[in-house]
Amino acid sequence: MKKLAAVLALITTSFYSFAQDVNKLISQADVEHIIKTLSADDMQGRATFTPGIEKAARFIESEYKQIGLQPLVGDEGYRQNFTMTRVTAIKTFVNINGKTIPADSVFASTSATSLNWTNNSDVQIVKLSADKNFRTEYRAYMQSGKKMLVLVDPQFTAIFKTYAERLKKGTVTSKVNDNQALVFVLGNHDDIKSFDVSYTGKKEELPLFNIAGIIPGKTKPNEFVVFSGHYDHLGILPPVQGDSIANGADDDASGTTAVIELAKYFKKLNNNARTLVFVAFTAEEIGEYGSQHFATTVDPDKVVAMFNIEMIGKASKFGENSAFITGFERSDFGTILQKNLEGTVFKFYPDPYPQQDLFYRSDNASLARVGVPAHTISTDQIDIDKYYHTVKDEFSTLDVGNIVATIRAIALSSRTIVSGQDTPKRVAKLER
């Protein structure tokens, strides 16, 4: 009994030592400085392919350099460079049953530079009915490799307009397939006797870059733990009350701030058994392309866990000192994290928004597809968040205390994975 008491005392002492370290090493002032910088107006909303995202990248690089992170093996600096093809629509014309569809009720998604369909039998006519999930169906269409004329129920007018506005900036792809083309038409079109589609676009090859650095593992350097968030956002939107900059303070300057703070924390501790990778992904908002590229550069069997951090700027629906984990049921990742938080007030919950399909809507999905226990940690009340993807997602709307508490909880809850003591179960490789 005395030996058991001594062991328990040692464990308790060790835990409180960790807690003291995390409170001391992750400060609210530093968190506030970083997120203010990333979400400032001079970052211009950090849209992919803009001067704003270049400025954000340089800031993150400077933070990594100050921390003392090493570049990924094979990279000269912190940039993980790759290219994508962007096709921007010049003109899209659709006629159904002899009636021209208004331009604001049509958009195309294709890597082709021209389309000419006239009652084309190769084109599949699909109805996106009101009982479907727009995002889920859109993703399935994008992965189909087919030519489709998609008739969208008017119930989806708001999200249709959002996608149409986004695609004005171009369709981006890493796999050019001129045989695939999706043309979306908003409205009730029940009896299609004839249709004509004419489209022209401009194609260009453009550079992108993740920002990644590592702390090599001390005893298990060939096993990797990834901490990630995306640093891109939407850029400039139509003005609302004179404001047109979508600052992306919560989405996802908050997650990127967490990645930087965790890098500082673990570098100061300097006792990680496994190699820690800290990566700020680009192009999440236009298709998770940064994380998709990253997934091709690592051996997934050596990545033991991925902590993807997305929108932690406000209290969760479970209240203060709580966050949720997407795909909680897919591995024991969440169970391990919660075990490491015993003795604290913080708690992780399963994703309360299964209908939102969040597991597939952030960068964790890119590594989960190849079997990595990759999950997103968030606190956002996505079903009622009125600032999501608007110009009102600004620093002034954030609860910095919530961000700090969540970062500290991630630091504490990850420690047995970082130390090599715990290894989450692999997730089933995803088919989509």
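Values quoted throughout were computed directly from the atomic coordinates according to the rules given, and no laboratory measurement underlies them. It should be emphasised that the depicted structure is a prediction, and the values quoted were computed from it without experimental measurement. Note that each Cβ is placed from the backbone with ideal geometry, even for glycine, and that neighbours are counted across all protein chains shown.
Here are a few things to note about the model shown:
- Likely footprinting exposure, 224, 346, 278, fewest C-beta neighbours within 10 Å first: 346, 224, 278
- Placing a label point 7 Å from the Cα of residue 174 along the Cα-to-Cβ direction, the residues of segment 230-260 whose backbone N falls under 19 Å of that point are 230-233.
- Amide N proximity, segment 303-321 versus residue 222 label position 7 Å along Cα-to-Cβ, cut-off under 16 Å: 303-304
- FRET efficiency estimate (nearest 0.05) - Cβ-Cβ, residue 383 to residue 62, R0 41 angstrom: 0.65
- Under 27 Å of direct C-alpha separation, and excluding same-chain neighbours fewer than eight residues apart, residue 146 reaches these lysines: 91, 99, 127, 132, 161, 168, 169, 175, 193, 202, 203, 429.
- As a rough footprinting exposure proxy, the listed residues 397, 136 were ranked by other beta carbons within 10 Å of their own, and the order from fewest upward is 136, 397.
- Loop sites in segment 48-107: GluC sites (Glu not before Pro), DSSP, at most 10 other Cβ within 10 Å: 76
- Chain lengthening between residue 317 and residue 165 when straightened (0.36 nm per residue, less Cα-Cα): 51.7 nm
- Within the straight-line cut-off of under 21 Å between alpha carbons, the lysines reachable from residue 425 are 220, 302, 339, 347, sequence neighbours fewer than 8 places apart in one chain being disregarded.
- Under 19 Å from a label point set 7 Å out along the Cα-to-Cβ vector of residue 339, the amide N atoms of segment 268-290 belong to 273-274.
- Cβ-based charge dipole, the chain, positive-most Cα from 87, 247, 407: 407
- Global form of segment 87-164, assessed from the alpha-carbon gyration tensor, a/c cut-off 1.5: rounded
- Where labels lie 7 Å past Cα in the beta-carbon direction, separation of residue 29 and residue 297 in nm: 3.5
- Alpha carbon centroid spacing (whole Å) that separates segment 282-308 from segment 53-88: 14
- In percent, rounded to a whole number, the relative contact order of segment 158-298 is 31, using alpha-carbon pairs under 8 Å and six or more apart.
- If R0 is 51 Å, the Cβ-Cβ spacing of residue 76 and residue 124 corresponds to a FRET efficiency of close to 0.65.
- Among 113, 256, sorting on how many other beta-carbon atoms sit within 10 Å of each Cβ, with the fewest leading, yields 113, 256.
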